[in-house]
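The values are calculated or read from the model by the stated rules, or taken from the named source; none is laboratory data. What you see is a predicted model, and the numbers here were worked out from it, not measured in a lab. Here the Cβ positions follow ideal geometry from the backbone for every residue, glycine too, while neighbour counts run over all protein chains shown. These accessible areas exclude ligands, DNA and RNA; they are computed on the full protein's heavy atoms, side chains included. Shrake-Rupley method; radii C 1.70, N 1.55, O 1.52, S 1.80 Å.
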Amino acid sequence: MDYNRIDSISRSQHPNKQLTDVQYGTAGFRAKSDLLDHVLYRMGILTVLRSKQKNATIGLMITASHNEEPDNGVKLVDPAGEMLDSSWELIATELANIPDSELVNALKKIIKDENINEDSPSSVIIGRDTRESGWSLSRAAIDGINAADGIIQDFGIITTPQLHYLVVCSNTNGSYGEPTVEGYLLKLVNALLSIKKAKNNDLYVGEIYLDAANGVGAIAAKEFQEILHDNLSIRIFNDGNGPLNHKCGADYVKVQQCPPINSPGKSLTRCVSIDGDADRVIYYYLDDSDKFHLLDGDRIATLIASYLKELVEESELKIQLGLVQTAYANGASTTYISEFLKIPVVCTETGVKHLHHKALEFDVGVYFEANGHGTVVVKDSVLKMIRTASQNMNLPKKCRTASSKLTSLIDVVNQTVGDALSDMLLVEAILYVRGWDIVTWERSYTDLPNRQLKVKVQDRNVIETTDAARKCVSPSGLQSKIDELVARYSKGRAFVRASGTEDIVRVYAECDSSSEVEKFAAEVALAVH
Ligand code: NG1
Ligand code: ZN
């Protein structure tokens, strides 16, 4: 590697002005975009090193997801489409913050400590969302990749899940799918259409209204619509002509518990909100009295898991199905899953990488954060078993058909990461097969009233938690205050944790009274101060 070149480009074009330290958090680096230029240059170099170490293609995505337009961020994607390994998160944080004068030595140290062969080939896929700062940040990353002699494939403006998909396809010789955006669109649409051949649509209407958060999801959704034709009408609003994530998008709708700006006023219309980089999805509708109803990630997870369970039972295959949630999952959903669906459910820390890892422990693992970030992962051996069963003429027809339906359903899933649009097609497929409208879907259980608040504190890292964030171990005394408050509310549950993407502490509270939940959350927030 030409260290002189790396050093001189760093100092002359992407210097670390050392304004603020940044940290590789829940979803990579996130900060105001003007703080990130040197970070992107350095992450460009780091992806090349990671690629050489793994002898595989690595992804680099420039996005700040649901955060506002002036923010931006970057995250690295490991070869199997998963988030960067935690040991490398620390390396990334250190590399991002050191002064320019130490950059070359730091790189040499990484190469030595991580046993990287500098002569190995490298390949990096990069993408970015629609933020204005994305273009120049992607130039900085490209400068870093070039300076380290890496091979780049720049896909320009794409969704986060598309980038994960492209990384996986590149590393599996196309066996997961064609490593192009078109390959992605066709894979999902063809799977959906094969399910929609089945006749039984009853209350289902093939039309949805999609709030695309004025982000990159609008572009992908339009591309889907072009191939889907009238098999599913996606009426897109907040399609890029307004400010990104402003009063719209999945995070806004979930946290504010109200419709986004420009939402259609017609009651009982099935509406979908995705976030700024299209990896989160939630559904909502207004009833006849204009009351807002939210069907969030928990609800999507239960819909998917219950249908999978039905098919697994019909197929008579031995498949262990499981569901993964975080502490933000509504208590009513957890009760419904364990007591009614009787599917094993586990709780992990927040952050999709934790859920993804846990889900991989099941034969078929469904994982969703309440905010709508999630997917289904299926073990390769299990997928093979299902495919074989679907063609085994010695099996009863009912079992074969169920296996065949399972195969099609799994094909609609982007297993590489939570994908708003793939999840949306999956929900649409299941509602279609069940013949359900959104009201029927909602009937399965009733959410406990809940509230999320953000609390600004001097140093959010003083909050330390354990037990998947459900218990606070520092500062001392805070957990007992929370326990006291929880005890005052029927079905009360509350917890606090430091956000990994914003400089705030998050408070979550739920109880069985909608008139008291605001007060409950405010009391917990006060305890944090
Ligand atoms: P933080 O800021 O660490 O709570 C948020 C979400 C996560 C995850 C990441 C990445 C909540 C409560 N937290 O993390 O679930 O999606 O952003 O985007 O929604
Ligand atoms: Zn996102």
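Being aliphatic (A, V, I, L, M), away from ligand 1 (no atom under 16 Å from the Cβ) and either touching a Gly at 6+ places or on another chain (Cβ under 9 Å) or open to solvent by less than 10 Å² (accessible area, probe 1.4 Å) (or both) is the filter here, so list the residues in segment 296-315 that pass it.
Within segment 296-315, Leu303, Ile304, Ala305, Leu308, Leu311 qualify.
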Quiz prompt | The lone exception for Lys291 - which of (1) basic (Lys, Arg); (2) within 21 Å of Ala250 (Cβ to Cβ); (3) within 16 Å of ligand 1 (Cβ to nearest atom) it fails | solution = (3)
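Does segment 375-392 contain at least one residue that is within 16 Å of ligand 1 (Cβ to nearest atom) and closer than 17 Å to His164 by Cβ? Break it down into steps so the answer makes sense when it comes.
From segment 375-392, those within 16 Å of ligand 1 (Cβ to nearest atom) are 375; that's our starting set.
Filter again for closer than 17 Å to His164 by Cβ, leaving 375.
Within segment 375-392, one or more residues are within 16 Å of ligand 1 (Cβ to nearest atom) and closer than 17 Å to His164 by Cβ.
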Quiz prompt | Selection from segment 451-474 of residues that are over 19 Å from Ala370 (Cβ atoms), touching a residue at least 24 places away in the same chain (Cβ under 8 Å) and assigned to a loop (DSSP other than H, G, I, E, B) | solution = Lys456, Val457, Ile463
Practice problem: Find the residue count for segment 6-36, including only residues that are open to solvent by 50 Å² or more (accessible area, probe 1.4 Å), in contact with a helix residue (DSSP H, G or I) (Cβ under 6 Å, 6 or more places away or on another chain) and modelled with pLDDT of 95 or more. | Solution: 1
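For segment 76-104: of the residues being of a type in the set (D, E, K, R) and open to solvent by 10 Å² or more (accessible area, probe 1.4 Å), which is nearest to the chain's Cα centre (by Cα)? Write out each step before concluding.
First, the residues of segment 76-104 that are of a type in the set (D, E, K, R): 78, 82, 85, 89, 94, 100, 102.
With open to solvent by 10 Å² or more (accessible area, probe 1.4 Å) added as a condition, the list becomes 82, 85, 89, 94, 100, 102.
Values: Glu82: 11, Asp85: 16, Glu89: 18, Glu94: 25, Asp100: 33, Glu102: 34 Å.
This residue is Glu82.
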Quiz item: Restricting to segment 1-30, what's the tally of residues that are among the hydrophobic types (A, V, I, L, M, F, W, C) and within 16 Å of ligand 2 (Cβ to nearest atom)?
Solution: 2
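How about segment 335-449: which helices (runs of 4 or more DSSP H) wholly inside it have at least 2 residues that are modelled with pLDDT under 95 and within 16 Å of ligand 2 (Cβ to nearest atom)?
Values: elements: 352-359, 380-391, 397-412, 420-434, 438-442.
Where helices (runs of 4 or more DSSP H) fall fully within segment 335-449 and carry at least 2 residues being modelled with pLDDT under 95 and within 16 Å of ligand 2 (Cβ to nearest atom), they are 352-359.
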Quiz item: With (1) within 30 Å of Ile337 (Cα to Cα); (2) among the hydrophobic types (A, V, I, L, M, F, W, C); (3) within 16 Å of ligand 2 (Cβ to nearest atom); (4) at pLDDT 95 or above as the list, and Val255 as the residue in question, which single condition is left unmet?
Solution: (4)
Self-check item: Failed item, numbered, when Ile111 is tested on (1) at pLDDT 95 or above; (2) within 16 Å of ligand 1 (Cβ to nearest atom)
Solution: (2)
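Quick one: in segment 244-259, which of the residues that are without any contact (Cβ under 8 Å) to a residue 60 or more places away in the chain, open to solvent by 10 Å² or more (accessible area, probe 1.4 Å) and farther than 15 Å from Leu295 by Cβ is nearest to ligand 1 (Cβ to nearest atom)?
Initially, segment 244-259 is screened for residues without any contact (Cβ under 8 Å) to a residue 60 or more places away in the chain, giving 247-248, 253, 256-259.
Going one step further and asking which of them are open to solvent by 10 Å² or more (accessible area, probe 1.4 Å), we end up with 247, 256-259.
Filter once more, keeping what is farther than 15 Å from Leu295 by Cβ: 247, 256.
Numbers: Lys247: 18, Gln256: 13 Å.
Per the criteria, the residue is Gln256.
Of the residues Arg470, Arg506, Arg460, only one is open to solvent by 70 Å² or more (accessible area, probe 1.4 Å), out of contact with any His (no Cβ under 9 Å at 6 or more places or on another chain) and either within 27 Å of Leu355 (Cα to Cα) or modelled with pLDDT under 95 (or both); which? Show your work before the answer.
Values: Arg506 fails: open to solvent by 70 Å² or more (accessible area, probe 1.4 Å); Arg460 fails: open to solvent by 70 Å² or more (accessible area, probe 1.4 Å).
Unique residue meeting the criteria: Arg470.
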Practice problem: Those residues that are touching a strand residue (DSSP E or B) at 6+ places or on another chain (Cβ under 6 Å) and surrounded by fewer than 17 Cβ atoms within 10 Å (Cβ to Cβ), I need them from segment 139-158; list them, please. | Solution: Ile151, Gln153, Asp154
Self-check item: Which listed residue, of Glu523, Glu518, Glu484, Glu464, is of a type in the set (Asp, Glu), away from ligand 2 (no atom under 16 Å from the Cβ) and touching a Leu at 6+ places or on another chain (Cβ under 7 Å)
Solution: Glu523
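Name the residue, out of Glu94, Glu69, Glu89, that is away from ligand 2 (no atom under 16 Å from the Cβ) and in contact with a Gly (Cβ under 9 Å, 6 or more places away or on another chain). Working first, answer last.
On the way: Glu94 fails: in contact with a Gly (Cβ under 9 Å, 6 or more places away or on another chain); Glu69 fails: away from ligand 2 (no atom under 16 Å from the Cβ).
None of the others qualify; the one that does is Glu89.
Does Arg443 satisfy the condition of being farther than 18 Å from Val524 by Cβ and basic (Lys, Arg)?
Details: farther than 18 Å from Val524 by Cβ: yes; basic (Lys, Arg): yes.
When the stated conditions are applied, Arg443 passes them.
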